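Take a look at the following structure, please.
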Amino acid sequence: MQTVGTDIQLPKDLYLEATSRCNLRCKGCILFNGGWEPQRDLSLIELIMICDQLPVLSRVALHGIGEPLLNDELPGMIRYLKDRKASVFLNSNGTLLNERRGNQLLDAGLDELRISLDAASPAGYKAVRNSDEFHRVVANVRAFSKHIKSMHLPCPKLSLWFLGTRENISELPDFVRLAASLGVAEVYLQRLVYFQDDQGYGLAKSEKTLMGSDAAITGWINESHAIAEQSGVRFNAPAFASPFDSLQARTGNPFPWRKCYRPHTLMYITAGGNVLPCCISPFAVSNYGSIILGNVFYRSLSEIWSGSRYRIFREKRQTQTPPECCRGCGTLWSL
Ligand SMILES: C[S@@+](CC[C@H](N)C(=O)[O-])C[C@H]1O[C@@H](n2cnc3c(N)ncnc32)[C@H](O)[C@@H]1O
Ligand code: SF4
Ligand code: SF4
């Protein structure tokens, strides 16, 4: 059994940031704000060094803050993780998903590919993704989806992701239509995370979120549900929530962050080796140092997992004054 200390099992789920480099600067992303860490790739050797410390791996994400397809060792990483019997998924901006890279992902055995598109038009894409690559990404997804279908391949499961903000929400119904036309069976509405104790940056600001949605926003979400149902597309939100539920604050519970299981079950490791409590935290904090719980290039994973920084983080999360990153989870921001 993989245990450490007295009672907390080592995690079976990992977020491993394949790279902190990116070819885009989306307006909701920390990279738009300059980023938290120096830009570098995780190497395959480093990934193996990290994963070898965990006897059991269940689910591994190969994205963090950066574009995973930029790392040439990505196929080797997926192959290693598949040999370890883990389920492997990643989010990508899709700009680099050409035939060669697509085939590499297929051959390596990737289980799930999530394309962050956020818009149904070039103008909407520019407003959120800060880029003119809308048509290229759509063409890449169309070709990849067609290829998977023509080969009757069970995986990777393909989905389109939409970061919901007041700038782009009117495009959600067309986004669902677009997914259907591309043969993509799943759409996710993602919540915008932002610094709670700060001015925020770009689109990552409280006034840009869909919280406290008005009638127009509710209408677009309802319409998207209906289109999804008609076209056989699954319309979801992360963490098994429905899109509507995911946008609600848990007002009945004054301390909802206490229910969060992430610091007990998973680790997020950046390309620079820093261990963070979850993939939400870097978006939700203005003091980055406060969420670094150790570095796997300097200490063993089990030492970090059972170390004092992790212990204090877990304990503080149970209180009425949790760490900065957790403070809005479930109230200002629902998780
Ligand atoms: C940081 S990106 C890294 C992977 C890849 N570059 C991509 O764009 O999918 C991972 C996910 O975070 C989402 N994201 C970006 N800014 C966000 C924010 N402020 N709040 C919540 N999610 C955000 C992106 O849309 C993407 O789906
Ligand atoms: S959201 Fe993804 S594609 Fe956009 S800047 Fe961030 S890492 Fe790059
Ligand atoms: S930031 Fe939110 S998701 Fe992350 S550990 Fe804190 S409560 Fe959990």
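Name the residue, out of R166, R101, R114, that is part of a helix (DSSP H, G or I) and within 16 Å of ligand 1 (Cβ to nearest atom).
On the way: R166 fails: part of a helix (DSSP H, G or I); R114 fails: part of a helix (DSSP H, G or I).
Selected residue: R101, the only one of R166, R101, R114 that is part of a helix (DSSP H, G or I) and within 16 Å of ligand 1 (Cβ to nearest atom).
Does the stretch 122-160 hold any residues that are among the polar types (S, T, N, Q) and away from ligand 2 (no atom under 16 Å from the Cβ), and which are they? Let's see the steps before the verdict.
Step one: of the stretch 122-160, the residues among the polar types (S, T, N, Q) are 130-131, 140, 145, 150, 159.
S145, S150, listed by residue number.
Considering only residues of the stretch 282-335 that are of a type in the set (S, T, Y) and outside any loop (DSSP other than H, G, I, E, B), which is surrounded by the fewest Cβ atoms within 10 Å (Cβ to Cβ)?
Step one: list which residues in the stretch 282-335 are of a type in the set (S, T, Y), which gives 286, 288, 290, 298, 300, 302, 306, 308, 310, 319, 321, 331, 334.
Remaining after also requiring outside any loop (DSSP other than H, G, I, E, B): 288, 290, 302, 308, 310.
Numbers: Y288: 16, S290: 14, S302: 15, S308: 9, Y310: 22.
Looking at the filtered set, the residue picked out is S308.
With the structure loaded, tell me whether Y261 is within 15 Å of ligand 3 (Cβ to nearest atom), hydroxyl-bearing (S, T, Y) and modelled with pLDDT under 95 or whether it fails that test. Full working, then the answer.
Working: within 15 Å of ligand 3 (Cβ to nearest atom): yes; hydroxyl-bearing (S, T, Y): yes; modelled with pLDDT under 95: yes.
Answer is yes for this residue.
I'm checking my understanding of the structure. Among residues of the stretch 221-239 that are farther than 17 Å from L210 by Cα and without any contact (Cβ under 8 Å) to a residue 24 or more places away in the chain, which one is farthest from the chain's Cα centre (by Cα)?
Q230
So which residues in the stretch 74-128 are touching a residue at least 40 places away in the same chain (Cβ under 8 Å), farther than 19 Å from L203 by Cα and charged (D, E, K, R), if there are any at all?
Residues satisfying the conditions are E99, D111, E112, R114.
Report yes if some residue within the stretch 289-300 is near ligand 3 (Cβ under 9 Å from one of its atoms), modelled with pLDDT of 90 or more, aromatic (F, W, Y) and over 22 Å from L90 (Cα atoms); otherwise report no. Please lay out each step first, then the result.
The initial filter retains those residues of the stretch 289-300 that are near ligand 3 (Cβ under 9 Å from one of its atoms), namely 291.
From what is left, the residues that are modelled with pLDDT of 90 or more are 291.
From what's left, aromatic (F, W, Y): none.
No: zero hits.
Going by the structure shown, is A271 in a loop (DSSP other than H, G, I, E, B) and surrounded by 16 or more Cβ atoms within 10 Å (Cβ to Cβ)?
Values: in a loop (DSSP other than H, G, I, E, B): yes; surrounded by 16 or more Cβ atoms within 10 Å (Cβ to Cβ): yes.
Yes.
Pull out all pairs, ordered by first then second residue, where Cβ-Cβ is under 8 Å, the residues are six or more apart or on different chains, the first lies in the stretch 58-70 and is on the phi > 0 side of the Ramachandran plot, and the second is hydroxyl-bearing (S, T, Y) and within 13 Å of ligand 2 (Cβ to nearest atom).
Matching pairs, first to second residue: G66/T19; G66/S20.
Moving to a separate point now. Inside the stretch 307-335, can you point out the residues that are within 14 Å of D197 (Cβ to Cβ) and without any contact (Cβ under 8 Å) to a residue 60 or more places away in the chain?
Listed by number, the residues that qualify are T321, P323, C325.
Tell me which residues, restricted to the stretch 181-204, are among the charged types (D, E, K, R) and crowded, with 17+ Cβ neighbours inside 10 Å.
Within the stretch 181-204, E186, R191 meet the criteria.
With the checklist (1) touching a residue at least 40 places away in the same chain (Cβ under 8 Å); (2) within 16 Å of ligand 3 (Cβ to nearest atom); (3) not small (G, A, S) in hand, flag the one item I304 doesn't pass.
Condition not satisfied by I304: (1).
In the stretch 22-34, what residues are assigned to a loop (DSSP other than H, G, I, E, B) and near ligand 2 (Cβ under 9 Å from one of its atoms)? Please lay out each step first, then the result.
Filtering the stretch 22-34 for residues assigned to a loop (DSSP other than H, G, I, E, B) gives 22-29, 34.
Selection gives C22, N23, L24, R25, C26, K27, G28, C29.
Please go through the stretch 44-82 and pick out each residue that is in contact with a Gly (Cβ under 9 Å, 6 or more places away or on another chain) and either surrounded by 17 or more Cβ atoms within 10 Å (Cβ to Cβ) or farther than 18 Å from N103 by Cβ (or both). Before you say what the answer is, go through the steps one by one.
Taking the stretch 44-82 first, the residues in contact with a Gly (Cβ under 9 Å, 6 or more places away or on another chain) are 44, 46-47, 50, 65-66, 69, 78-79, 81-82.
If the condition is that a residue be in contact with a Gly (Cβ under 9 Å, 6 or more places away or on another chain) and either surrounded by 17 or more Cβ atoms within 10 Å (Cβ to Cβ) or farther than 18 Å from N103 by Cβ (or both), then L44, E46, L47, I50, I65, G66, L69, I78, R79, L81 are the ones that fit.
The values are calculated or read from the model by the stated rules, or taken from the named source; none is laboratory data. Computed from a predicted structure; not experimentally measured. Here Cβ is always computed from backbone atoms with ideal geometry, including for glycine, and neighbour counts include all displayed protein chains.
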